[in-house]
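The values are calculated or read from the model by the stated rules, or taken from the named source; none is laboratory data. Bear in mind the structure is a predicted one, so any value in this text is a computation, not a measurement. Glycine gets a Cβ as well: all are built from the backbone with ideal geometry, and neighbour counts include every protein chain shown.
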Amino acid sequence: MFIVYSLWYIDDYFNGGKIMKAMSKQQLADCAGVSVRTLMAWCRPYAKKLEEMGLRPRAKVLEPHIVKYLVHKLSIDVPP
């Protein structure tokens, strides 16, 4: 547990210390400047990992750890 926490802390430190908040698919798509449909198309290569993380296909709200993963993988700028 300590090792996992430490790795998240280090990751947050080197990524500017941003703490992600839950947001809707629409909000994340707006941050990326695309439609929700395009955002979900971009997510297809990561579908298995997202499912393992707890994302359901019809979910409207993305949990903070999922938002953080997608922001990192898709290089999306999210305002503080």
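Please specify each residue of the range 56-73 satisfying the condition of being crowded, with 16+ Cβ neighbours inside 10 Å and out of contact with any Lys or Arg (no Cβ under 9 Å at 6 or more places or on another chain).
Glu63, Ile66, Leu70
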Tell me which residues, restricted to the range 28-46, are assigned to a helix (DSSP H, G or I) and among the small types (Gly, Ala, Ser).
Ala29, Ala32, Ala41
For the subset of the range 1-23 comprising residues that are within 25 Å of Lys60 (Cα to Cα) and surrounded by 14 or more Cβ atoms within 10 Å (Cβ to Cβ), which member is modelled with the highest pLDDT?
Met23
Tell me whether the range 24-33 contains one or more residues that are closer than 15 Å to Val71 by Cβ and touching a residue at least 60 places away in the same chain (Cβ under 8 Å).
no
Yes or no: Lys49 surrounded by 14 or more Cβ atoms within 10 Å (Cβ to Cβ), modelled with pLDDT of 90 or more and not in a loop (DSSP other than H, G, I, E, B)?
no
